[in-house]
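Down below is the structure, laid out as structure tokens.
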Amino acid sequence: LDDRYAMDAASAAMDACNEFGGICIPVTSKTFDEVKGLNLSRTFPAPVIFENGAGILWPSRTQPEILGMPAATISELLGQMRVKHGFQFRGFMDMDAAEVASLTGLALADADLAQRRLASQPLRWNDSRDALDDFIAALEPEGLQAVEGGRFHCVTDVQCNKGSAMLRAAAGYSH
């Protein structure tokens, strides 16, 4: 995806993989609500891994498979950690759609979709690198991890990652 997060050109490119016998399974930090329409624009629908490996949308299902801790639980733990340790961050849980739109360049309606997290919580780190290292260390006993992306850190269950989600999706094709 480009900086506009547009999926139209990406859909055509993914379908082109089928011409060579491949299956293109998108893996993204986008939410379920952001990607659920993706397969509607594809000639060859495939699983879509969303929220950095925290869930899979299977083309034959309407509901996602969640692979980790619910976003509400993650948000609650992050709030507790902020109070306990004084970490300085601002999560999507703290923002309204207008602020998310401002930070991402998304349209307001798209920013609203980006906030509908099922199993992750993006945040902007507003503290020192040393404090970030302490934060990452404090996440582990809570069963959480932080993955640094282009604009945000994404906090998910330690069991969730793009690679393990891809292996799960690929296993669906091995039968």
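The values are calculated or read from the model by the stated rules, or taken from the named source; none is laboratory data. Every value quoted in this text rests on a predicted model; they were computed, and no experiment measured them. These accessible areas exclude ligands, DNA and RNA; they are computed on the full protein's heavy atoms, side chains included. Shrake-Rupley method; radii C 1.70, N 1.55, O 1.52, S 1.80 Å.
Some values worked out for this structure:
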quantity: Percent RCO, i.e. relative contact order, over region 10-86, from Cα pairs under 8 Å lying at least 6 residues apart; calculated: 22
quantity: GLU140 accessible area, 1.4 Å probe, all protein chains in place, Å² to nearest 10; calculated: 130
quantity: Scattering curve values for region 60-132, log₁₀ I(q)/I(0), Debye with Cα scatterers, q = 0.23, 0.27 Å⁻¹; calculated: -1.08, -1.20
quantity: For region 95-175: relative contact order, % (alpha-carbon pairs under 8 angstrom, 6 or more apart); calculated: 22
quantity: Portion, in percent, of the accessible area of the chain that falls on carbon or sulfur, probe 1.4 Å; calculated: 52
quantity: Relative contact order computed over the chain (Cα-Cα under 8 Å; 6+ residues apart), in percent; calculated: 23
quantity: Extension gain, ASP94 back to ALA13 (0.36 nm per residue minus Cα-Cα distance, nm); calculated: 25.6 nm
quantity: Computed helical MRE - 222 nm, the chain, DSSP H runs ≥ 4 contributing -39500 (n - 2.57), nearest 500; calculated: -11000 deg cm²/dmol
quantity: Solvent-accessible surface (1.4 angstrom probe) belonging to ILE23, in square angstrom, nearest 10; calculated: 90
quantity: Per residue accessible area in Å² of the chain, where ligands, DNA and RNA are left out and the probe is 1.4 Å; calculated: 52
quantity: With 10 Å bins from 0: P(r) over the chain, alpha-carbon pairs, percent; calculated: 10, 37, 34, 15, 4, 0
quantity: DSSP-defined antiparallel bridges as percent of all bridges, the chain, nearest 5; calculated: 95
